[in-house]
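Got a structure for you, questions after.
The values are calculated or read from the model by the stated rules, or taken from the named source; none is laboratory data. Just so it is clear, the structure is predicted and the values come from calculations on it, not from any experiment. Every residue, glycine among them, receives a Cβ derived from its backbone with ideal geometry; neighbour counts consider all protein chains shown.
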Amino acid sequence: MNIEPYLTPYKYGKPVLVGSGKEGHFDKKAVDCPFVFQHNDKFYMMYVGFDGAGYQTALATSSDLLNWDHLSVILKRDAGNGWDNNNIAGTWMLKVHNMEAAPVLKKWDNKYWLVYHAYPNQGYEEGPAKIGLAWTEDENLLEWNRLPDPIIVPEEQFEWESGGLYKECLIEHEGQFYLYYNAKTSEKRWREQTGVAFSKDLKTWTKYDNNPVLKVTPDAWDCGFASDPCILKNGDEWVMYYFGFNYKQAQEGLALSKDLLNWEKYPEPIIRVGEGDEIDSIFAHKPSVITHNGVLYHFYTASRRYREGDPTLNFIDEFRTISVATNKDIS
């Protein structure tokens, strides 16, 4: 398999977005889960903030993809429908998915669409999460209307997703919607793998009979998790960026497909954790990939051990930020 067009070996080496560290702010402890896109001649990043009580979802803006300014919290606590009041992580908006095209949002039914998952309890990813859908006609992307009920829920008869659902990736292709999501098993030391569901109207979904479509590989770098899909189209080939976890390190990987259902994984990580005290020396994971002016930007959550003076301290002695790697040296 030829993975050369998809590699981003040049790490920026420092955060492009960090949490506030401020008491009472949604991102006091960490930022996470970047989703980068273009809208009305601006770059936007949807991302998750953690304050110790749970997730809330925000937007930041940038003119150069390297310097980001927080704009607004768009999915807030206690503003949902009960099941999604506590702990809400927006991860994807419906957008153009061709790799060489501008990563602009696309409308369906004259609306913009956002998918998220929500955990039932306060804390760090507490309880089995369900997947929801929100829409807006607001060109500023600040006011979102959540559907009252989840669109996909974990089902105990499917062991691979019985513990809850995670990050979503929404693709429209030839009149059908594909919603990819990773999910976990119910064990204390769980596995995460990636599956897909189908819809014609964004509201009624059918899970694929042969889920998961991206499985963990025993005794490999992704033996524990094969998670957080980010899918793009390059000619007649589909590429899925994802992260693998072996219960020690989380690193970025790659899989290719011709039909969106059968995926071939590249056997090694394409972004490895950094060395020593580098910004991604614990985790380099959760991809969001776009192209701009011939440069491939691979945003990801980067973590290292907390050091005195860091603006945020996550709950596992961790400084969790968002960074980027590229296919050309932009330093």
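Would you check if D201 is acidic (D, E) and under 20 Å from L261 (Cβ atoms)?
It is false that D201 is acidic (D, E) and under 20 Å from L261 (Cβ atoms).
Shifting gears a bit: Only one of Y166, Y247, Y178, Y242 is in contact (Cβ under 8 Å) with a residue 24 or more places away in the chain, in contact with a Gly (Cβ under 7 Å, 6 or more places away or on another chain) and within 30 Å of A102 (Cα to Cα); which? Write out each step before concluding.
Numbers: Y166 fails: in contact with a Gly (Cβ under 7 Å, 6 or more places away or on another chain); Y247 fails: within 30 Å of A102 (Cα to Cα); Y178 fails: in contact with a Gly (Cβ under 7 Å, 6 or more places away or on another chain).
Result of the check over Y166, Y247, Y178, Y242: Y242.
Conditions first: (1) under 21 Å from A134 (Cβ atoms); (2) modelled with pLDDT of 95 or more. V216 passes all but one, so which condition is the exception?
Of the numbered conditions (1) under 21 Å from A134 (Cβ atoms); (2) modelled with pLDDT of 95 or more, the odd one out for V216 is (1).
Could you tell me whether any residue of segment 103-121 is touching a residue at least 40 places away in the same chain (Cβ under 8 Å), assigned to a strand (DSSP E or B) and basic (K, R)?
no
For segment 155-182, which residues satisfy the criterion of being in a loop (DSSP other than H, G, I, E, B) and surrounded by 20 or more Cβ atoms within 10 Å (Cβ to Cβ)? Full working, then the answer.
Start the filter on segment 155-182 by keeping residues that are in a loop (DSSP other than H, G, I, E, B), which leaves 155-158, 162-163, 174-175.
Result: G163, single match.
Next up: Could you tell me whether N40 is in contact (Cβ under 8 Å) with a residue 12 or more places away in the chain and either touching a strand residue (DSSP E or B) at 6+ places or on another chain (Cβ under 7 Å) or within 16 Å of L133 (Cα to Cα) (or both)? Give the derivation first.
Values: in contact (Cβ under 8 Å) with a residue 12 or more places away in the chain: yes; either touching a strand residue (DSSP E or B) at 6+ places or on another chain (Cβ under 7 Å) or within 16 Å of L133 (Cα to Cα) (or both): no.
Spelling it out, it is not the case that N40 is in contact (Cβ under 8 Å) with a residue 12 or more places away in the chain and either touching a strand residue (DSSP E or B) at 6+ places or on another chain (Cβ under 7 Å) or within 16 Å of L133 (Cα to Cα) (or both).
Residue under question is S323, and the condition is that it be of a type in the set (S, T, N, Q), surrounded by 15 or more Cβ atoms within 10 Å (Cβ to Cβ), modelled with pLDDT of 95 or more and within 27 Å of Y208 (Cα to Cα); does it hold?
Here the answer is no, as S323 does not meet what is asked.
Does at least one position in segment 85-96 carry a residue that is more than 18 Å from the chain's Cα centre (by Cα), assigned to a strand (DSSP E or B) and of a type in the set (A, V, I, L, M, F, W, C)? I'd like the intermediate steps shown before the answer.
First, pick out the residues of segment 85-96 that are more than 18 Å from the chain's Cα centre (by Cα): 85-86.
Going one step further and asking which of them are assigned to a strand (DSSP E or B), we end up with none.
No: segment 85-96 contains no residue that is more than 18 Å from the chain's Cα centre (by Cα), assigned to a strand (DSSP E or B) and of a type in the set (A, V, I, L, M, F, W, C).
Kindly provide the set of residues from segment 131-146 that are in a loop (DSSP other than H, G, I, E, B) and among the charged types (D, E, K, R), ordered by number.
Looking only at segment 131-146, we keep the residues that are in a loop (DSSP other than H, G, I, E, B), and these are 137-144.
Listed by number, the residues that qualify are E137, D138, E139, E143.
Out of curiosity, is K111 over 19 Å from the mean Cα position of the chain (by Cα), under 13 Å from W144 (Cα atoms) and modelled with pLDDT of 95 or more? Steps first, answer last, please.
On the way: over 19 Å from the mean Cα position of the chain (by Cα): yes; under 13 Å from W144 (Cα atoms): yes; modelled with pLDDT of 95 or more: yes.
Yes.
Step by step: first the residues of segment 233-263, then only those that are over 14 Å from the mean Cα position of the chain (by Cα) and of a type in the set (D, E, K, R), then the one that is nearest to I290 (Cα to Cα). Which residue is that?
So, considering only residues that are over 14 Å from the mean Cα position of the chain (by Cα) and of a type in the set (D, E, K, R), the one nearest to I290 (Cα to Cα) is K233.
Something else about it: Answer with yes or no whether P128 is more than 20 Å from the chain's Cα centre (by Cα), in a loop (DSSP other than H, G, I, E, B) and touching a residue at least 12 places away in the same chain (Cβ under 8 Å). Break it down stepwise before answering.
Details: more than 20 Å from the chain's Cα centre (by Cα): no; in a loop (DSSP other than H, G, I, E, B): yes; touching a residue at least 12 places away in the same chain (Cβ under 8 Å): yes.
No.
Quickly run through segment 84-104 and pick out the residues that are surrounded by fewer than 23 Cβ atoms within 10 Å (Cβ to Cβ), more than 16 Å from L202 (Cα to Cα) and out of contact with any Gly (no Cβ under 8 Å at 6 or more places or on another chain).
Passing the criteria: N85, V96, H97, N98, M99, E100, A101, A102, V104.
Any residue in segment 251-263 that is in contact with a Cys (Cβ under 8 Å, 6 or more places away or on another chain) and polar (S, T, N, Q)? Outline the logic, then answer.
The first filter runs over segment 251-263 and keeps only residues in contact with a Cys (Cβ under 8 Å, 6 or more places away or on another chain), leaving none.
Within segment 251-263, not a single residue is in contact with a Cys (Cβ under 8 Å, 6 or more places away or on another chain) and polar (S, T, N, Q).
Another one. Output the number of residues of segment 223-237 satisfying the condition of being surrounded by fewer than 23 Cβ atoms within 10 Å (Cβ to Cβ) and not small (G, A, S).
First, pick out the residues of segment 223-237 that are surrounded by fewer than 23 Cβ atoms within 10 Å (Cβ to Cβ): 223-224, 233-237.
Of the ones still in play, those that are also not small (G, A, S) are 223, 233-234, 236-237.
Qualifying residue count, segment 223-237: 5.
Can I ask one more? Condition first: among the charged types (D, E, K, R), touching a residue at least 24 places away in the same chain (Cβ under 8 Å) and either in contact with an Asp or Glu (Cβ under 7 Å, 6 or more places away or on another chain) or assigned to a loop (DSSP other than H, G, I, E, B) (or both). Now tell me which residues in segment 256-293 satisfy that. Walk me through it before giving the result.
Looking only at segment 256-293, we keep the residues that are among the charged types (D, E, K, R), and these are 258-259, 264-265, 268, 272, 275, 277-278, 280, 286.
Subset that is touching a residue at least 24 places away in the same chain (Cβ under 8 Å): 264-265, 268, 277-278, 280, 286.
Listed by number, the residues that qualify are E268, D277, E278, D280, K286.
Considering only segment 240-255, state which residues are assigned to a strand (DSSP E or B) and either of a type in the set (D, E, K, R) or surrounded by fewer than 20 Cβ atoms within 10 Å (Cβ to Cβ) (or both). Spell out the reasoning first.
Of the residues in segment 240-255, the ones assigned to a strand (DSSP E or B) are 240-245, 250-255.
The one that is assigned to a strand (DSSP E or B) and either of a type in the set (D, E, K, R) or surrounded by fewer than 20 Cβ atoms within 10 Å (Cβ to Cβ) (or both): E252.
Just the residues that are buried (at least 19 other Cβ atoms within 10 Å of the Cβ) and either in contact (Cβ under 8 Å) with a residue 60 or more places away in the chain or more than 15 Å from R320 (Cβ to Cβ) (or both), please, taken from segment 294-306. It would help to see each step written out before you state the result.
Taking segment 294-306 first, the residues buried (at least 19 other Cβ atoms within 10 Å of the Cβ) are 296-304.
Across segment 294-306, the qualifying residues are L296, Y297, H298, F299, Y300, T301, A302.
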